[in-house]
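The values are calculated or read from the model by the stated rules, or taken from the named source; none is laboratory data. Everything numeric here is computed off the predicted structure, so don't read it as measured data. A quick note on method: Cβ atoms are made from the backbone with ideal geometry, for glycine too, and the neighbour counts reach across all protein chains shown. For accessibility, only protein heavy atoms count, side chains too; no ligands or nucleic acids. Shrake-Rupley method; radii C 1.70, N 1.55, O 1.52, S 1.80 Å.
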Amino acid sequence: MYDAFSDDYDRFVNWENRLAFELPFLEQRLKTVSARRVLDAACGTGQHAVALARRGYAAAGADLSVPMIARARENAAAAGVEVPLVAAGFGSLAQAFGGSRLFPFDAVLCLGNSLPHVLGAPELAAALADFAACLRPGGVLILQNRNFDAVMASRERWMEPQAHREGQTERIFLRFYDYEPDGLITFNILTLKREGSGAWQQTASAARLRPLLQAELGQMLEAAGFGSVEWFGGLGGASFDPAASGNLVAVAIKG
């Protein structure tokens, strides 16, 4: 899904608005542990890592999608910053960065609802253990997922559409869920594209998600060696409301 979506991802996200909203909270949490070396796991097109590098952090990024990493390298070059970027997924991050001058990291970020793409409990435990292995003692892990407590309670299918216009090219992105009998969710993206007033062309892609609830995530973080965990309803720093928050953000300190 994300290989195919790499060309459109930076059009899908309004990065100027998103980073302006999220970076104050992220930097506040990084400062609480005096973090300078930051790994963005599942970095996508690298925009968070690039933004942090521009602010003086020693930032690195990893993503399982090779096309996403290629796009991230282009974004880092365009911004004039050095950001080590590797194609690596959850469970192999410590191995990928073990010889790096940045290792161990002061902070690991896993944003944008990336962790729920890990479908099995053993693989999820391995991913969290890998995050812990990347961190120094006292380092911070910041996770941002959809609030699946609310999603599973309401079983609402559709998310807000997003649109992008670039010259004569117009795109509309539609996102929706299918709730599967095995308890997993299929996340669908339908992209509509047209040139000028021409006919709409459409492409569809999908990925499976594990609807990770707060209680399960808290237990698994503790099992992975994280002590203090704070919960927020988004990267603006709002309190977490299981029934109403759009996101579930966990800020966990490695013991």
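Region 131-173 and region 58-128 have Cα centres spaced 16 Å apart. Once percent of Cα pairs over 34 Å apart is calculated for the structure shown, the corresponding label among (i) 14; (ii) 17; (iii) 21 turns out to be (i). Across Ala42, Ala125, Ala223, mean-square fluctuation computed from a Gaussian network of the chain (C-alpha pairs under 10 Å connected) peaks at Ala223.
Using the rule -39500 (n - 2.57) for each DSSP H run of four or more residues, divided by the residues of the chain, the 222 nm mean residue ellipticity is -9500 deg cm²/dmol.
Surface analysis of region 137-255 yields an accessible area of 50 Å² per residue, using protein heavy atoms and a 1.4 Å probe.
Annotation for region 55-109: trypsin sites (Lys or Arg not before Pro) lying in DSSP loop with at most 13 further Cβ atoms inside 10 Å of their Cβ are Arg55, Arg101. The loop-placed GluC sites (Glu not before Pro) in region 65-124, going by DSSP, that have at most 16 neighbouring Cβ atoms within 10 Å of their Cβ come out as Glu82. In the elastic network of the chain, a GNM with C-alpha springs shorter than 10 Å, the most mobile of Ala153, Ala35, Ala107 is Ala153.
For region 213-254, the convex hull drawn through the C-alpha positions has a volume of 60 cubic angstrom per residue. For region 148-210, the alpha carbon convex hull comes to 89 Å³ per residue, rounded to a whole number.
Structural descriptor for the chain: relative contact order 18 percent, calculated from alpha carbon pairs under 8 angstrom and at least 6 residues apart.
In a reduced charge model with +1 at each Lys and Arg Cβ and -1 at each Asp and Glu Cβ, region 1-148 shows a dipole moment near 520 debye about its Cα centre. Carbon-plus-sulfur fraction of the accessible area of region 76-170, 1.4 Å probe, in percent? Carbon and sulfur: 53 percent of the exposed surface of region 76-170.
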